[in-house]
Amino acid sequence: MSVNTKQDKSDLQKALKDMKKIFISIGIYSFFLNLLMLAPPFYMLVVYDIVMPSNNIDTLILVTAIAIMFFIGMWILEFVRAKILIYASNRLDLVMNKRIFNTTFDLASKYPNRANIQPFRDFSTIKNFLGGSAIVAFFDFPWFPLYIAIMFAFSPIYGLYGLGATVIIILLTFLNEKATKDGLEASNEEYQKAVGFFDNNIRNVEVVKAMGMKENLHHIWMDKYNKYLMIQTKASQTASFYSNASKSFRMMSSSLMYGVGALLAIAGLISPGMIIAGAVLLGRALQPISQVIASWKSFTNAKMAYHKLNDLLLEFPEEDDKLVLPEPKGIIRFEGVVTIPPLGEKAVLKGISLQINSGEMVGIIGPSAAGKSSFVKCAVGVWSPSGGNIRIDGADISQYDSVKLGKHIGYLPQDIELFEGTIAQNIARFNFDATDEDIITAAKLSGTHELILNLPHGYGSRVGVSGMSLSGGQKQRIGLARAMYGNPKMVILDEPNSNLDDAGEYALMMALRVLKDKGVTVIFVTHKTNLVGLADKLILMQDGLVTQYDHTQKVLNILSGENEKAKKISEEGKD
């Protein structure tokens, strides 16, 4: 994803910058930890060059005690550093969790084909890297010159040997990154496409199974998956080549260090103890590099996740706090509204201007693809207009805080989805402050109370992913209760009776009458004539335009006249 306009730093960048002091403290701990790690080579140096030639047991006891103290210090510092890293990871989660949660919804709203939790997966990758052992190598890496410097102090040849080995391993690591970067990014992209395709198939399992589509879909899945597999295999083989080359060279250079040390000791340039100490120092110098190589994949994945998440947060900046506007009365006004749906290229609403007054009940009718559902999606703020303005009580809908405005809106979409949880939680919109009385009131207003009581566990019946399966009509009626919860000022219903039986139709009509008596602004879309008579006004839509908007009887009379005229023309044509 690219960001075309220049913007400030993302919230992720700001959050990481605010943790600067934490990372500095980790760097300080790493410095002292690496100093203490000099204990093993110097202990060996003293043992071989001082204790053994002098046979001094007291000196051995003293240096052993000091070495043990150093090892205990290393253990404490490592523990504290790991604890700080875990704290840093959790703090980042605390700061960014809600922001990423909201951005994931914004992404799904703008790009329905990317409606998934990938942003959270990317965030988890970053968090795991920051709180895991992989990042430790990057804090230890800057201190390897300290060990090389001590090797130079033993002997310039020692130092040059260690420096050369280090440079070669770093070069191999750089080549590994350069050779695998594009392949890993491409394989990750192809994997997301394949998983997204499979995820969509799973959601439509009934259609797949009923119509024998599984084999056909499997062929398409394998084409997508094989493409990912080929790219990923090539990248992994390249990474394996360089990582194994680095590992073999590291083992070889560490072993040959003893030979170099022996030559220097024979020449009288270093002491015998320096042979062992120098080999240990080289191993310690190469260790963080080895750790970096071992954790390179984690680092690469975290870096890719960071860039993706960073670009996403820049594309969907956090909304500024908005002024809390007065509770809406329910006046909805469209001013030259033009709407192009997400991922669409053609306008589905083409310059609509009208006003729905507070307390009015307005029905929307028209042929399929006339723009009826698009109209209600814009009215509730699900879609933003591409041109023009939508106003609630005179204020542009964008001036309202969507969460606060949503409490005054009841919405029943065409495709009903209930969330994982109890029926009571779904009706209450998962409001933890909801009372039993409020929930039951909404259910009774929608005529759903008796239906719910007849379920196995009543209001406590679980629905959604891990709950019981409900019919389309049951979902629609519970969705209507959810729309009526909390005494909303505006209720917008898209085909509310598409799945209802006679009892459900009757309950819906009673609910609409209750809303009308309460002075709630109601908009409903319908293809059925039995609801039309309840409307104060009718909107007739065709091809994204409002062709008629007037009192119900007047619009019906116009339609009746047009039908009679069309019938007469048809009969004359037959004659």
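Distance in nm between label sites at Glu505 and Lys444, each 7 Å beyond Cα in the beta-carbon direction?
The two pseudo-label positions are separated by 2.7 nm.
Once you keep just the Cα pairs under 8 angstrom separated by 6 or more residues, what percentage relative contact order results for the chain?
14 percent
Out of Thr59, Ala39, Asn90, whose Cα points farthest toward the positive end of the dipole of segment 9-133 (charges: +1 Lys, Arg; -1 Asp, Glu; placed on Cβ)?
Among Thr59, Ala39, Asn90, the one farthest towards the positive end of the dipole of segment 9-133 is Asn90.
Would you please put 298-311, 87-100, 270-283 in order of how densely packed they are, using the mean number of other Cβ atoms within 10 angstrom per residue and starting with the highest?
Top to bottom by mean Cβ count within 10 Å: 270-283, 298-311, 87-100.
Which value does Rg/Rh take for the chain over its C-alpha atoms, Rh per Kirkwood?
Taking Rg over the Kirkwood Rh, I get 1.17.
Is it possible to state the helix-based mean residue ellipticity at 222 nm for the chain, with each DSSP H run of 4+ residues giving -39500 (n - 2.57), the sum divided by total residues, to the nearest 500 deg cm²/dmol? What is it?
-21000 deg cm²/dmol
Grab the beta carbon distance between Ser124 and Thr59, set R0 = 45 Å, and tell me the FRET efficiency rounded to 0.05.
That pair, Ser124 with Thr59, gives E of 0.30.
Would you grab the residues whose amide H sits under 5 Å from the one on Val491? Only those 5+ places off in sequence or on another chain, please, with H modelled 1.01 Å from N.
Under 5 Å from the amide H of Val491 lie the amide H atoms of Gly410, Thr521, Val522, Ile523, each far enough along the sequence or on another chain.
Compute the separation of the alpha-carbon centres of segment 73-96 and segment 345-375 and state it in Å as a whole number.
Result: 55 Å between the Cα centres.
Show me the ranking of peptides 123-134, 540-551, 485-496 by mean Cβ neighbours inside 10 Å, starting with the highest.
Order by mean packing, descending: 485-496, 123-134, 540-551.
Can you give me the angle between helix 156-203 and the longest principal axis of the chain, using Cα atoms only, in degrees from 0 to 90, rounded to the nearest 10?
Roughly 20 degrees, rounded to the nearest 10.
Modelling each spin label as a point 7 Å along the Cα-to-Cβ direction, I'd like the Lys516/Thr547 distance in nm, to one decimal.
According to this spin-label approximation, the distance is 2.6 nm.
How big is the charge dipole of segment 144-294 about its Cα centre, in debye rounded to the nearest 20, if each Lys and Arg gets +1 on its Cβ and each Asp and Glu gets -1 on its Cβ?
180 debye
How many angstrom lie between the C-alpha centres of segment 516-554 and segment 144-161?
Using only Cα atoms, the two centres lie 86 Å from each other.
Residue-wise, which Karplus ³J(HN,Hα) couplings in Hz belong to segment 234-248, taking 6.51 cos²θ - 1.76 cosθ + 1.60, θ = phi - 60°, and x for glycine or proline?
4, 5, 5, 5, 5, 4, 5, 4, 6, 5, 5, 5, 5, 5, 5
Could you order the peptides 104-112, 45-53 from most to least packed, using the average number of other C-beta atoms within 10 Å per residue?
45-53, 104-112
Rounded to the nearest 5, what is the percent of antiparallel bridges among the DSSP beta bridges in the chain?
Within the chain, antiparallel bridges account for around 55 percent of the total.
Give the range of the longest stretch in the chain that excludes all GluC sites (Glu not before Pro) found in loop regions by DSSP and having at most 13 other beta-carbon atoms within 10 Å.
1-317
In nanometres, what is the gap between the two model label sites at Gln355 and Ile76, each 7 Å from Cα along Cα-to-Cβ?
Reported label-point gap for Gln355 and Ile76 is 7.6 nm.
Bear in mind these aren't lab numbers, they're just calculated from the coordinates by the rules spelled out. Computed from a predicted model, the values in this text were never measured in an experiment. Cβ: placed from backbone, ideal geometry, glycine included. Neighbour counts: every protein chain shown.
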